[in-house]
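Quick one: this structure, given as structure tokens, is what I'll be asking you about.
Computed from the coordinates by the stated procedures, all read-outs in this text should not be read as laboratory data. None of these values were measured; they are calculated from a predicted model. Cβ atoms come from the backbone with ideal geometry, glycine included; neighbour counts cover every protein chain shown.
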Amino acid sequence: MNRINLHGVRAIFHFEMARTFRTLGQSIVAPVLSTSLYFIVFGSAIGSRMGDIDGVSYGAFIIPGLLMLSLLSESISNASFGIYMPKWSGTIYELLSAPVSWVEVLLGYVGAAASKSLMLGLLILATARVFVPYQIAHPVWMVGFLVLTAVTFCLFGFIIGLWADSFQKLQVIPLLIITPLTFLGGAFYSINMLPEPWQTVSLFNPVVYLISGLRWAFYGAADVHIAVSTGMTLMFMLACLAVVWWVFKTGHRIRR
């Protein structure tokens, strides 16, 4: 069995992280400021006039949903842009000819993208504390679920970056699919509040399982059992890994 080329992984990881800090305002500050506006409007202004949901104040109830909204969009954006830039500039061929396997390329790019997303998630949690008091019932589960979600959707973003052949296509799936699914996935409400058949229809939205799992880690209450949420996320991660393996094996959308 070949050993992992740690030098190659480290080089890719450091390059991607350095790019983040060169564009700190766009990468970190802007998402935190936009999420803060949600906390001000929904948490402080509207939340103070609404009742509790599952024994949790509305301002605290929406924290997992807002955190997941930012985590999904930033994970996809970071990973897709990271691998698309070498394709756009033509340096992807240097990467393919370097002594690194697809696993090491994946570890470098996805590891950096997930690290950025988790940094952003922690900053959003700290920002939420300024506006809304909250408690975390299962902190270990919360961290684990955040890591699992960040890695999974960075893999998904990596696939989008491999598939895209223009900067516009990088934004199509996040804007037209992921963001609407997140808003309709219980970010601002519990799906148990919906009448039938909309409760059942909501269960076909994969983002419901992500928000529900994170909400359980925060407050011990969820729309879907934590085991189901974790299992669905793991299945999606494995599917993404299979697609990435196939792309590098065949060279589809990489070698022209």
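Taking 0.36 nm per residue of sequence separation and subtracting the Cα-Cα distance, how much length would be gained by fully extending the chain between Met119 and Leu203, in nm to one decimal?
27.3 nm
Each label point is 7 Å from the Cα along the Cα-to-Cβ direction; what then is the distance between the points at Ala242 and Val172, in nm?
About 2.3 nm separates the two model spin labels.
Quick check: convex hull over the Cα atoms of segment 165-228, volume per residue in Å³, rounded to an integer?
105
What relative contact order, as a whole-number percentage, does segment 6-250 give when Cα pairs under 8 Å and 6 or more residues apart are counted?
Relative contact order, segment 6-250: 27 percent.
When you count, for each residue, the other Cβ atoms within 10 Å and take the mean per peptide, how do 180-187, 63-70, 210-217 rank with the highest first?
Peptide ranking by packing, descending: 210-217, 63-70, 180-187.
Taking the Cα atoms of segment 31-142, report the difference between the largest and smallest coordinate on each principal axis, in whole Å and largest first.
If we take the Cα atoms of segment 31-142, the spans are 59, 28, 19 Å.
Still on this structure: For the chain, state the average projected area of the convex hull of the C-alpha atoms over all orientations, rounded to one decimal in nm². Write down the numbers at each step before the final one.
Details: hull surface 58.0 nm².
Directional mean of the projected Cα hull area for the chain stands at 14.5 nm².
Ok, one more. With each pseudo-label sitting 7 Å past Cα toward Cβ, what's the Val41-Arg19 distance in nm, one decimal?
It works out to 3.1 nm between the two label points.
What angle do you read, to the nearest 10 degrees and between 0 and 90, between the alpha-carbon axis of helix 63-89 and the longest principal axis of the chain?
Approximately 20 degrees, to the nearest ten.
On average over all directions, what projected area in square nanometres does segment 128-190 have, based on the convex hull of its Cα atoms? Write out the running numbers ahead of the final one.
Numbers: hull surface 24.0 nm².
Mean projected area for segment 128-190: 6.0 nm², to one decimal.
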